[in-house]
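Down below is the structure, laid out as C-alpha cells.
The values are calculated or read from the model by the stated rules, or taken from the named source; none is laboratory data. These numbers were taken from a predicted model, which means no experiment stands behind them. Virtual Cβ from ideal backbone geometry, glycine too; neighbours counted across all protein chains shown.
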Amino acid sequence: MEDQQIPENLCDNCQSEVPLGNKFCSTCGRAQNYKDIVIQHKRWPNIQQVGLFFAVEICCCVTSLLIKDHSLSTLFCLDVIMGCSALLFFFYNWPENKVILKWPGFSIAKLLGLIVLTILASVTVTFLVDHLNVLLFKKEVTHYTLFEFHKYGTYLMFLSIALYPAIFEELAYRGYLIQKLLSVVDEKEAVYISSVLFFIIHFSLISIFWLLPFALFLGWLRIKTKTLWYGVFVHFFFNATACFLDLYPLEELFKLF
C-alpha cells in the first residue's frame, strides 16, 4: 500500500515545501500566515488614522455650526483647514493613493453622459429641496446671500460651493478615506462607511434623501472606474447646477419660454 502523500504549500519566503497545517517553515522558520499577520498588524493603525481624519473634519464642521455670524473670512478659513487636511492625509498615503489619480479606460462618451445625468439630478434635487424648505421651515434657503455683497460674489460662490468640494471632498472621501478603508474592510463596506461619514459632516438631516444616495453613487463610481476623476466631474456639475439655480430659479427660467 502506497504512502498517502501529504499536501504541501511553498513557503512564501524561501520557497521550501511546507506540509499543509504547519504554522512555520522548517527551513527558514517563517510563519506561514505572515501576510495575514502583517495585514492584521496594519489594521489598527489604519483605523486610528481614519479616526484622526474624521475628528479633524468633525471639529471644523462643529466650529462652523457654533459661529453665529458667518462671513467669507470664516468660510474660507475653514475651507483652507479642511482642504489642507485632505491634501495632508491623501499625500501622506501617496504610495497607495497615487493609482486612483490615473484615468484608465477614459471615455468621453461616459463622461458626457454622467454630466448630463448629473445636471438633471441636480435640477430635480434643487426643486424638491426648495419646496421642502418652504413646506417644513416656511423659508427659502439661498447660498448666494453670503456672497452677494462682494464684487466677485458669483465667482466666489462657484469657487466655494462647486469647485472646492469637487476637488477636496473627493480627494478626502472617495480618495483617501475609501482607499484607507479598503485595507480594513471590503469594497462594499468601504463605500457604505465613507458615504455615511460624508453625510454626517454635512449636518443636514433633511438632505438624507439625496445626499446619502449621492455619496453612495460617488463611492460606487470610484470603485467601479478605479479613478477619482469621474467623481470629481460629477460632484462639480451637481453643485455648479445648484449654484446656477440659486441665481436663476426654475420659476424664472420657465417664464422665458
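Check whether at least one residue in the stretch 99-113 is charged (D, E, K, R) and farther than 25 Å from Ile58 by Cα, and report yes or no.
Here is the first cut: in the stretch 99-113, the residues charged (D, E, K, R) are 102, 110.
Keeping just the survivors that are farther than 25 Å from Ile58 by Cα gives 102, 110.
Looking through the stretch 99-113, at least one residue is charged (D, E, K, R) and farther than 25 Å from Ile58 by Cα.
Is it fair to say Leu159 is buried (at least 20 other Cβ atoms within 10 Å of the Cβ), among the aliphatic types (A, V, I, L, M) and under 19 Å from Leu78 (Cβ atoms)? Judged against the criteria, Leu159 is not a match. Within the stretch 113-141, restricting attention to residues that are surrounded by 15 or more Cβ atoms within 10 Å (Cβ to Cβ) and under 13 Å from Leu245 (Cα atoms), the residue that is modelled with the lowest pLDDT is Asp130.
Taking the stated definitions as given, is Ile81 in contact with a helix residue (DSSP H, G or I) (Cβ under 8 Å, 6 or more places away or on another chain), under 30 Å from Leu197 (Cβ atoms), modelled with pLDDT under 90 and surrounded by 11 or more Cβ atoms within 10 Å (Cβ to Cβ)? No; evaluated as a whole, the condition is false for this residue. The condition of being of a type in the set (Ser, Thr, Tyr), surrounded by 19 or more Cβ atoms within 10 Å (Cβ to Cβ), over 22 Å from Asn93 (Cα atoms) and touching a helix residue (DSSP H, G or I) at 6+ places or on another chain (Cβ under 9 Å) holds for only one of Thr241, Thr154, Thr227, that being Thr241.
Considering the stretch 84-112, the residues that are part of a helix (DSSP H, G or I) and aromatic (Phe, Trp, Tyr) include one that is surrounded by the most Cβ atoms within 10 Å (Cβ to Cβ), namely Phe90.
Of the residues Leu212, Leu181, Leu197, the single one that is over 25 Å from Thr63 (Cβ atoms) and assigned by TED's automatic domain parsing to the domain that holds Ile58 is Leu181.
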